[in-house]
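See structure below.
The values are calculated or read from the model by the stated rules, or taken from the named source; none is laboratory data. Predicted model, so just to flag it, every value in this text is computed and none were measured. Here the Cβ positions follow ideal geometry from the backbone for every residue, glycine too, while neighbour counts run over all protein chains shown.
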Amino acid sequence: MDASGDDCYFNMDVKVEEHSIHLDLKQEVKVEIYSNRVHSDNAYKISSNNSSKTNENEHKCTQCGKYFPFTSCLVRHNRTHTGEKPYQCSICDKYFSYKNVLIQHMRAHTGDKPHQCIHCDKRFAYKDYLEKHQRTHTGEKPFKCDLCDKCFTQKSSLGKHQAIHTGEKPYQCNDCDKCFARKGDLMKHQRTHTGEKPYKCNHCDKCFVQNSHMMIHQRKHNVEKN
């Protein structure tokens, strides 16, 4: 969900649908769902030699010096400097810099999931969530570590892995001086201070600090049943 606004794209096959969505609060929200997704196979970036654009020098950002082909693109870009958020959610009063981000946010209220996996029946509110999910079917791992040959399905996983090479430990415990490379490891550690045991066995009342410990315990119940 790229909402930087630095690049200006135009989709040649724009389709607009209007939905009337009834929420539990009996409140009707009219949401415009735009099917124009920006990808290389269905959209093109306006180039410097495009005959339909105006003089590029007329649309220069005074803050950073970037050039834009149209005034509307410059207006969108300027919000990265000003922080302006003109689009407001009618349900929770949150504000957004771009209309498409507001539309995506509205799905959190409406439950709309327009993106369906072609391999299974799962549906997703956002296209990038769908793309991540589909890698569980295809096995694609597009993010490769520069320091070793390991590849990952998600960029965040690559970042966590690279901390092993760099030795960086950005996550520090608030209760002691220990630091961790991964946020999940910090959360596990903090339970040694709080005593929290969020993982409960489905067969008895025992609770565990880590999910892996709970899974090992549950196998004992399965052995007893057999």
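Counting residues in segment 130-150 that are over 30 Å from Gly167 (Cα atoms) and among the aromatic types (Phe, Trp, Tyr) gives zero. Give the number of residues within segment 173-206 that are touching a His at 6+ places or on another chain (Cβ under 9 Å) and within 25 Å of His217 (Cα to Cα). Result for segment 173-206: 6. A single entry from Ser97, Ser72 fulfils the requirement of being over 30 Å from Arg135 (Cα atoms) and surrounded by 15 or more Cβ atoms within 10 Å (Cβ to Cβ): Ser97. Here is the figure for segment 204-223: residues that are surrounded by 13 or more Cβ atoms within 10 Å (Cβ to Cβ) and either within 29 Å of the chain's Cα centre (by Cα) or not in a helix (DSSP H, G or I) (or both) total 5. For Phe96, the criteria (1) at pLDDT 90 or above; (2) more than 28 Å from Gly111 (Cα to Cα) hold in every case but one, which is (2). Any idea which residue in segment 191-203 is surrounded by the most Cβ atoms within 10 Å (Cβ to Cβ), counting only those that are among the hydroxyl-bearing types (Ser, Thr, Tyr) and touching a residue at least 12 places away in the same chain (Cβ under 8 Å)? The extreme case among them is Tyr199.
Evaluate segment 122-139: report whether one residue or more is more than 21 Å from the chain's Cα centre (by Cα), at pLDDT 90 or above and not in a helix (DSSP H, G or I). No - not one qualifying residue is present in segment 122-139.
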